[in-house]
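The values are calculated or read from the model by the stated rules, or taken from the named source; none is laboratory data. Since the model is a prediction, treat every value here as computed from it, not as a measurement. No Cβ is skipped: glycine too gets one built from the backbone with ideal geometry, and neighbour counts run over all protein chains shown. Areas reflect the complete protein model, heavy atoms only, side chains present, ligands, DNA and RNA absent. Shrake-Rupley method; radii C 1.70, N 1.55, O 1.52, S 1.80 Å.
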There are 2 protein chains.
Amino acid sequence: MNARQKTERTRLSAEDWELGALELIAESGVNALAVEALARRLGVTKGSFYWHFRNREALLLAALERWEQHDEADVLAQIEPIDDPRERLREIFHRVAREVPSHRIYAALLKALDHPVVLPLMTRVSQRRIQFLTEAYLQASMPPEEAAHRARLAYAAFVGFLQLNLALGMPRLSHEEFDAYVEHVAETLIPH
Amino acid sequence: MNARQKTERTRLSAEDWELGALELIAESGVNALAVEALARRLGVTKGSFYWHFRNREALLLAALERWEQHDEADVLAQIEPIDDPRERLREIFHRVAREVPSHRIYAALLKALDHPVVLPLMTRVSQRRIQFLTEAYLQASMPPEEAAHRARLAYAAFVGFLQLNLALGMPRLSHEEFDAYVEHVAETLIPH
DNA sequence: GTTCCACCATACGCATGAGTATGTAAGCCC
DNA sequence: GGGCTTACATACTCATGCGTATGGTGGAAC
């Protein structure tokens, strides 16, 4: 009946808790990840949780590592096969714009950078992504120094875009305006 | 003796509390703004606070409105007198880069956009700033639609820059590299 | 020099959320 | 079909942080 209350009345595994945690984080941020609240969502009580995990932080760590290895790694993997670097960059921009919901977790983590578990993870992820962008610009025959700068700029624009778009409902653009905006970003940040 | 414990043993005003609140927010974020913690910083107890303010939210609101009217308004006011729009844009980018600490509060508020008091304020501020940028691009004889897009892009880059630079210690650039980066941003985002 | 009140201290109540202690029911296992 | 393990419930303790109730004090006013 209700898909969220009792999706299978089987018993839970640690993975179920991790996936539930990621859902919660995506919806309401890292702070909203509370043990009892998540237990209610999963249709059980705290007693279950403390069997699977040592404490709240252990769950957070496990959930974020799962996210880093699965979701996060996928993004780059799907774009990597594109040969032409300019085309690859265009694809990145368009994906970022189109698949905004899938970046919900990343946006939530951006707001929790002061958390000791989140910070090292985000440092890794961000460095990796900037590195990826830098190489794309290099392959588009941009001088090394300029490529590094442009990658930083593009990534900063991505991060800011997420903030303004998800948290703030900022732009409030129509479909056409939005496409035009993304096109403008590509025109501005991708060398000709 | 200790400038933080007893800066003047006079009694406090609502303004003192608001300024203290802004300091705390800049240092540790909106969540760190706790009544008793702030009272300790000011060398008094809660009893004082609840004489000046109805509750915690009232303080937050007052502090943020003070910030919006003073600090925030100053930024635009100082740049507005510059005649040449291209020069004005360059000055904006350089100020943002140089005066990073003064944007600490803005960065902290970005991480608290889910808070009902913060959201409307940040919506106002962001819209105002994007508007300001848009007009600068228009005066630099950029077509209206393109100007709006470029303003959004520049502002997103600013927001992302703050996140990556303050929270994450991201770039970790030397002085020279940093200047070169800012120069690259100006070259890329300001029309010739 | 007493009065008054703005400002503050002290001591509560109360809700929330983490973590613990302990009991219990439903499989396998042979 | 007793026994062990896995998974969960129940019922607490404890810390934190907001808000309240009430009493105290120093300095301006007269």
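Comparison of A:Gly43, A:Gly20 shows that the only residue that is closer than 22 Å to A:Gln69 by Cα and either more than 11 Å from DNA strand C (Cβ to nearest atom) or open to solvent by 60 Å² or more (accessible area, probe 1.4 Å) (or both) is A:Gly20. Whenever a residue of the range B:54-70 is closer than 19 Å to B:Arg124 by Cβ and open to solvent by 20 Å² or more (accessible area, probe 1.4 Å), its partners that are within 16 Å of DNA strand C (Cβ to nearest atom) and part of a helix (DSSP H, G or I), lying with C-beta atoms within less than 6 angstrom and at least six residues away or across chains, give the pairs B:Ala62/B:Glu18; B:Arg66/B:Glu18.
Of all residues in the range B:66-108, those satisfying the criterion of being of a type in the set (A, V, I, L, M), at pLDDT 90 or above and under 30 Å from A:Leu113 (Cα atoms) are B:Leu89, B:Ile92, B:Ile105, B:Ala107, B:Ala108.
Here is the figure for the range B:102-118: residues that are open to solvent by 60 Å² or more (accessible area, probe 1.4 Å) and free of Cβ contacts under 8 Å to residues at least 24 places away in the same chain total 2.
For the range A:12-70, filtering for residues that are at positive phi and within 14 Å of chain B (Cβ to nearest Cβ) leaves 1.
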